[in-house]
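Take a look at the structure below.
The values are calculated or read from the model by the stated rules, or taken from the named source; none is laboratory data. For clarity, every value in this text was computed on a predicted model and none was experimentally measured. With ideal geometry, Cβ positions are generated from the backbone for all residues, glycine too; neighbour counts draw on all protein chains shown. What goes into the accessible areas is simple: the full protein's heavy atoms, side chains included, and nothing from ligands, DNA or RNA. Shrake-Rupley method; radii C 1.70, N 1.55, O 1.52, S 1.80 Å.
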Amino acid sequence: MTVAKILFIGDIVGKPGRVAVRELLPALIEDYRIDLVVANCENAAAGFGVTRDIVEELFRSRVDVLTSGNHIWDKKEVLEFVEDYETLLRPANYPDGVPGFGSVVVPSPTGSPIGVINLAGRVFMHSLDCPFRSAEKEIEKLKKNTSTIVVDMHAEATSEKQALGWFLDGRVSAVLGTHTHVQTADERILPNGTAYITDLGMTGPFDSIIGTRKDVVLERFLRNMPNKFDVARGDVRLQGIVLGVDQASGKALEIERLNVRMQA
């Protein structure tokens, strides 16, 4: 049996999150014998969007595939380079004609390739094409080259994430939620072999409100006035999961939740 070990890192928030990836990832790769690293990067540039320099920085930090979500377009320069990187994904359920890639198949040290699909939810989010039907289309395309497929479901509603997990159970190796920045404790393997968690959590500062300075967010709630959301700094952690997948069947064998704190 060939088992692929996949590390999927939750939403990277600003410079603190990028530093956590750079400092903590090498040891995690070695300790868990990781074959592929995937990370959500849509908040990597000061909390909103991503730049070319940051994409290159994260790839140098040994991330193999970058996923995203509704903030992928926040830095307008992304339109100039999003198609330069097949391993920088935007949600596959954006309408036809939107630049970029919604899925990718990449090689791994095991000799068997691994597929990654990026989707975005629609409940309390922007109106996009159906993520369920889009998932089916992407799976059909990727199955020609691999049995191991991991899905990033970037969504607000836990019900929508769970629904996709059950909908794809047995058809993909994992359905992993992102976007809310709060790690959930419901990691499990569904009956037909798909690993699932509602939210991977956040890689960034936890002395914060989902990565942003507490005083800034409290001011918004108390006064309902617009202000600048600055990334916080303290208690920096890397959150995510480690998957073990049987590459012959594509079924998940294990899922372990990670919450690793950087040394001050």
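Could you order the peptides 230-242, 130-142 from most to least packed, using the average number of other C-beta atoms within 10 Å per residue?
On the way: 230-242: 20.8, 130-142: 17.5.
The peptides rank, most packed first, as 230-242, 130-142.
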If each K or R counts +1 and each D or E counts -1, the residues other than residue 62 whose Cβ falls under 13 Å of its Cβ total -3
The alpha-carbon center of the range 141-155 and that of the range 214-264 are separated, in whole Å, by 22 Å
One finds, for residue 29 and residue 56 with R0 = 25 angstrom and r their Cβ-Cβ distance, a FRET efficiency to the nearest 0.05 of 0.85
Which residues qualify? For residue 249, with a placed amide H closer than 5 Å and at least 5 residues away or on another chain, they are none
Over all viewing directions the Cα convex hull of the chain casts an average projected area in nm² of 13.3 nm²
Rounded to the nearest 5, the percent of DSSP beta bridges in the chain running antiparallel is 50 percent
Which residues qualify? For residue 232, with a placed amide H closer than 5 Å and at least 5 residues away or on another chain, they are 212, 213
Phi-derived 3J(HN,Hα) across the range 210-226 with the Karplus relation (6.51, -1.76, 1.60, θ = phi - 60°), rounded Hz, x for Gly and Pro, is 6, x, 9, 3, 4, 5, 5, 5, 4, 4, 5, 5, 6, 10, 6, 10, x
For the chain, the longest principal axis of the Cα atoms and the Cα long axis of helix 158-168 enclose an angle in degrees, to the nearest 10, of 20 degrees
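Computing the accessible area with a 1.4 Å probe over protein heavy atoms, can you report the carbon and sulfur percentage for the chain?
On the way: 5750 of 11600 Å².
Carbon and sulfur together cover 50 percent of it.
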Mean Cβ-within-10 Å packing, highest first, puts peptides 245-251, 152-158 in the order 152-158, 245-251
For the range 81-123, shape from the Cα gyration tensor axes a ≥ b ≥ c, cut at a/c of 1.5 then a/b versus b/c, turns out oblate
antiparallel share of DSSP beta bridges within the range 42-177, to nearest 5, in %, is 25 percent
Residues other than residue 259 with Cβ under 12 Å of its Cβ, Lys/Arg counted +1 and Asp/Glu -1, net out at 0
For residue 237, other-chain or 5+-apart residues with amide H closer than 5 Å (H placed, Pro excluded) are 204, 206, 262
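Restricting to Cα pairs below 8 Å that are 6+ residues apart, what does the relative contact order work out to for the range 90-204? Please round to a whole percent.
Rounded, it is 20 percent for the range 90-204.
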Whole-Hz Karplus couplings 3J(HN,Hα) for the range 136-144, θ = phi - 60° and coefficients 6.51, -1.76, 1.60, Gly and Pro as x, run 4, 5, 5, 4, 4, 5, 6, 4, 5
Taking Cα atoms, the helix 14-32 axis meets the longest principal axis of the chain at an angle in degrees (rounded to 10) of 30 degrees
Going through 5/251; 141/251; 15/228; 76/141 one by one, the pairs whose alpha carbons sit over 20 Å apart turn out to be 76/141
Relative contact order as a percentage, the range 1-81, C-alpha pairs under 8 Å and 6+ apart, gives 32 percent
